[in-house]
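Visitor: Here it is, the structure in full.
The values are calculated or read from the model by the stated rules, or taken from the named source; none is laboratory data. Since we're looking at a predicted model, the values are computed, not measured. So basically every Cβ, Gly included, is an ideal-geometry build from the backbone, and we count neighbours across all protein chains shown.
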Amino acid sequence: MDAALLVQVVLNGILLGALYACIAAGFSLVWGVLNVINMLHGSLIILAGYLACSLWTEWQVHPLAAMLPVGLLLFLAGTALQVLLINRVVDRPVLTTLTLTFGLDMVLYNAMNAAFEATPRRVTLELGRLTLGEVVLPWDRIVAMLLALALTGLLYGVLRASRLGRAIVAVRMDREAASLMGIRVARIYALTFGLGAFMAGVCGALLAVVYPITTNATGQLLGKAFIVCVVGGLGTVPGALAGGLALGVTESLGGHFLGPQAAALLGFGLMLVLLVVRPTGLLGRKGYE
Amino acid sequence: MSPSNATALLVWILALAATPLLGDNYVVKIATFVAFYAALALSWNFIGGMAGYPSFATAAFVGLGSYAGALVQNAGAPLAVGWLAGALASGLAAVALGAVVLRLRGHYFAIGSIALVEVLSLTASWWSGLTGGGEGLNVAFLPGGPDTIARVFLYVMLAIAILALGTTVVVMRGRLGFALRCISQNEDAAEMVGIPTTRCKIIAFVLSAIPCGAAGAAYASWVAYIAPADAFSILLTVKVPVMVMLGGAGTLIGPVLGATALVLLEETVWARFLDLHQAILGGVIVALIFFLPGGLVGLARRGRST
């Protein structure tokens, strides 16, 4: 086959993969630190997407300018949700926490269907495209990819360098020891969930620029987060990045050679194989379950 | 089984069986749904309640059973053969898939079991030569009037529920039930004292799949049409564990109670608020987790002991 076409397909996969990494980073953080599978994550992304779209159509606020305020709003909502509800059951088995977040997801999903019509909407920025020989890349996707990478990097920086980030990592590694060192675990949980929601918020605003926003996508987005998390390894930003790029490129290649439905199947197949063969993920280390 | 449990279950069975005499086809339809969900809840109880494995694979087995049943039926086999084929397909799939996903624990098992539903659903959409793809598959209608059809499916679903109930009684009294409870409490310790944990978990997974397959196949011939999104529904896969938690996980009567309560609640209360259906169910789930952690059975026990 044609080399330029292969380059095009792989580059498309990388553009997609960066978005997947950003989608999964917040989900992975919450799962890794709180040990909670946050079934709300997909709906939070779509909620942020709707907010960005509404700000654009109502007040012509540029989605990239709306990104941080929307993210902060979701941060507050996420922190409140954790403090009010999830913190109370955070130590219970996965069946309880997963079912609780699923129940909350149903409420949010229903509320979004009632508040916004289910008709897909998106923000169209006419940015043109970048042509490199035979390879063509739309600028809006390139911008979205770069911002997704920057935001994922920002999360990494926060976890590596800030006081809050070090506390979050300490709680992830050993909750009891962290608590003995004077870290208030419940507060870290709340801020971590808020940070996860913040990542969902900024991702949603980014997605509004490149994909149609509809409540039908919530399950798909959540599914991508599952796959990226398992493929890349849990609770780490580099893991989310590796998993996201791996999934993006796999889907792009699969979609090109086998068709779009096979691509989705391939993602889940990859995940099941890795779950069994290497449950710690591509970059995962043993130690944190 | 305590005498009061036995009486309650007998009353439940007789009440469902008597609905064709007492009410119209709408009442019979509700009774059929009660029996359908009770069968699913009882089967989930083997892996989720007794062994404590957070399985979200119910819809995988229901969907697989409904496709297997529909295909066998469309190939010209009699109805009952189709339903048996559904049970068989799900049971065999549970052996194969269980050997893979039951190696996982906790969160990974939960995610793996949800992934099974997704993989089967995507396969059904993709393999359109066999399954009709996203357009779905038509299943031949049962001959006879609406009254006959309503009754046939009520008794079929009730029979599946009774079989699941009987299996539960046998398992709970026997060594398998003891082994599963040990696994639920501490799997490593159970293994240490010589319980063949892998074999027990796979048996529990298969037991949790067979009634789902049969009920799924019967459901497919009842509604005469199946499509990937309905057959492999994520909503169903969460609703069934919620029913068991509502009733009381790991008990005999809990799944029956939870399934009955949720179906009746669904029909009487929020069938009137179609736009808010999901939100209300979500609210019920949240309330259940905060206010009723031991389920209705736990509530009754707490009431008795104080």
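Visitor: Of the residues that make up region A:182-198, is at least one among the aliphatic types (A, V, I, L, M), within 14 Å of chain B (Cβ to nearest Cβ) and over 27 Å from A:ALA65 (Cβ atoms)?
Guide: Residues of region A:182-198 that are among the aliphatic types (A, V, I, L, M), as a first pass: A:183, A:185-186, A:188, A:190-191, A:195, A:197.
Then keep just the ones that are within 14 Å of chain B (Cβ to nearest Cβ); that gives none.
No: zero hits.
Visitor: I'm trying to understand the selection: among the residues of region A:45-95, which are within 14 Å of chain B (Cβ to nearest Cβ) and not in a helix (DSSP H, G or I)?
Guide: Correct list: A:VAL90, A:ASP91, A:ARG92, A:PRO93.
Visitor: Across region A:274-289, what is the number of residues that are assigned to a helix (DSSP H, G or I) and either modelled with pLDDT under 60 or facing chain B (nearest Cβ under 9 Å) (or both)? It would help to see each step written out before you state the result.
Guide: To start, the set of residues in region A:274-289 that are assigned to a helix (DSSP H, G or I) comprises A:274-277.
Now restrict to residues that are either modelled with pLDDT under 60 or facing chain B (nearest Cβ under 9 Å) (or both): A:275-276.
Final tally of qualifying residues: 2.
Visitor: Give the number of residues within region A:159-203 that are free of Cβ contacts under 8 Å to residues at least 60 places away in the same chain and aliphatic (A, V, I, L, M).
Guide: 11
Visitor: Return the only residue of B:PRO196, B:PRO255, B:PRO293 being closer than 30 Å to B:GLN73 by Cβ and not β-branched (Val, Ile, Thr).
Guide: Result of the check over B:PRO196, B:PRO255, B:PRO293: B:PRO255.
Visitor: Next up: Quickly run through region A:6-15 and pick out the residues that are touching a residue at least 60 places away in the same chain (Cβ under 8 Å), hydrophobic (A, V, I, L, M, F, W, C) and over 18 Å from A:VAL237 (Cβ atoms).
Guide: A:VAL7, A:VAL9, A:VAL10, A:LEU11, A:LEU15 - these are the residues of region A:6-15 that are touching a residue at least 60 places away in the same chain (Cβ under 8 Å), hydrophobic (A, V, I, L, M, F, W, C) and over 18 Å from A:VAL237 (Cβ atoms).
Visitor: Now, a different point. Filter the helices (runs of 4 or more DSSP H) completely within region A:138-199 down to those with at least 1 residues that are closer than 27 Å to A:GLY248 by Cβ and of a type in the set (S, T, N, Q).
Guide: Filter on region A:138-199 gives A:139-161.
Visitor: Within region B:265-284, is even one residue more than 14 Å from chain A (Cβ to nearest Cβ) and either within 19 Å of the chain's Cα centre (by Cα) or within 18 Å of B:ALA87 (Cα to Cα) (or both)?
Guide: yes
Visitor: Right, another one. Residue by residue through region A:200-241, note down the ones that are in a loop (DSSP other than H, G, I, E, B) and either closer than 14 Å to A:ALA48 by Cα or within 14 Å of chain B (Cβ to nearest Cβ) (or both).
Guide: A:TYR211, A:PRO212, A:THR214, A:GLY233, A:LEU234, A:GLY235
Visitor: Check region B:179-198 and report whether any residue there is under 25 Å from B:GLY91 (Cβ atoms), in contact (Cβ under 8 Å) with a residue 24 or more places away in the chain and either assigned to a loop (DSSP other than H, G, I, E, B) or within 19 Å of the chain's Cα centre (by Cα) (or both).
Guide: There is at least one residue in region B:179-198 that is under 25 Å from B:GLY91 (Cβ atoms), in contact (Cβ under 8 Å) with a residue 24 or more places away in the chain and either assigned to a loop (DSSP other than H, G, I, E, B) or within 19 Å of the chain's Cα centre (by Cα) (or both).
Visitor: How many residues does region A:83-111 contain that are closer than 16 Å to A:ILE188 by Cβ and either in contact with a Leu (Cβ under 8 Å, 6 or more places away or on another chain) or among the acidic types (Asp, Glu) (or both)?
Guide: Residues meeting the conditions: 3.
Visitor: Confirm whether B:ARG181 is surrounded by fewer than 13 Cβ atoms within 10 Å (Cβ to Cβ) and at pLDDT 90 or above.
Guide: Here the answer is no, as B:ARG181 does not meet what is asked.
Visitor: Looking for whichever is surrounded by fewer than 17 Cβ atoms within 10 Å (Cβ to Cβ) and either among the basic types (Lys, Arg) or away from chain A (no Cβ under 14 Å) (or both) here; the options are B:GLY63, B:GLY23. Which one fits? If you could, list the steps in order and put the result at the bottom.
Guide: Values: B:GLY63 fails: surrounded by fewer than 17 Cβ atoms within 10 Å (Cβ to Cβ).
Step by step, each of B:GLY63, B:GLY23 is checked, and only B:GLY23 is surrounded by fewer than 17 Cβ atoms within 10 Å (Cβ to Cβ) and either among the basic types (Lys, Arg) or away from chain A (no Cβ under 14 Å) (or both).
Visitor: So, in region B:74-94, of the ones that are more than 18 Å from B:ALA164 (Cα to Cα) and surrounded by fewer than 24 Cβ atoms within 10 Å (Cβ to Cβ), which residue ends up nearest to the other protein chains (Cβ to nearest Cβ)?
Guide: B:ALA93
Visitor: Within region A:183-225, track down each residue that is hydroxyl-bearing (Ser, Thr, Tyr) and in contact with a Ser or Thr (Cβ under 8 Å, 6 or more places away or on another chain). Working first, answer last.
Guide: We begin by selecting, within region A:183-225, every residue hydroxyl-bearing (Ser, Thr, Tyr); these are A:189, A:192, A:211, A:214-215, A:218.
Scanning region A:183-225 gives A:THR214, A:THR215, A:THR218.
Visitor: Does A:MET39 satisfy the criteria of being more than 19 Å from A:ALA190 (Cα to Cα), facing chain B (nearest Cβ under 10 Å) and surrounded by 24 or more Cβ atoms within 10 Å (Cβ to Cβ)?
Guide: Spelling it out, it is not the case that A:MET39 is more than 19 Å from A:ALA190 (Cα to Cα), facing chain B (nearest Cβ under 10 Å) and surrounded by 24 or more Cβ atoms within 10 Å (Cβ to Cβ).
Visitor: Pull out all pairs, ordered by first then second residue, where Cβ-Cβ is under 6 Å, the residues are six or more apart or on different chains, the first lies in region A:84-96 and is closer than 15 Å to B:ALA51 by Cα, and the second is of a type in the set (Gly, Ala, Ser) and modelled with pLDDT of 85 or more.
Guide: Close Cβ pairs satisfying both conditions: A:VAL94/B:ALA110.
Visitor: Return the residue satisfying two criteria in turn: it lies in region A:242-270 and is in a helix (DSSP H, G or I), free of Cβ contacts under 8 Å to residues at least 40 places away in the same chain and not hydrophobic (A, V, I, L, M, F, W, C), and of such residues it is nearest to the other protein chains (Cβ to nearest Cβ).
Guide: A:GLN261
Visitor: Pull up region B:234-282, narrow it to residues that are among the small types (Gly, Ala, Ser) and in contact with a Ser or Thr (Cβ under 9 Å, 6 or more places away or on another chain), then point me to the one that is nearest to B:ILE13 (Cα to Cα).
Guide: Result: B:GLY247.
Visitor: Out of B:LEU40, B:LEU10, B:LEU16, which single residue is more than 14 Å from chain A (Cβ to nearest Cβ), assigned to a helix (DSSP H, G or I), farther than 30 Å from B:ALA190 by Cα and under 19 Å from the mean Cα position of the chain (by Cα)?
Guide: After ruling out the rest, the residue left standing is B:LEU16.
Visitor: Which residue is nearest to A:ASN87 (Cα to Cα), if the candidates are limited to region A:104-150 and must be away from chain B (no Cβ under 14 Å) and acidic (Asp, Glu)?
Guide: Selected residue: A:ASP140.
Visitor: B:ALA229 fails exactly one of the following numbered conditions: (1) within 14 Å of chain A (Cβ to nearest Cβ); (2) among the hydrophobic types (A, V, I, L, M, F, W, C); (3) surrounded by 17 or more Cβ atoms within 10 Å (Cβ to Cβ). What is the number of that condition?
Guide: Failing condition for B:ALA229: (3).
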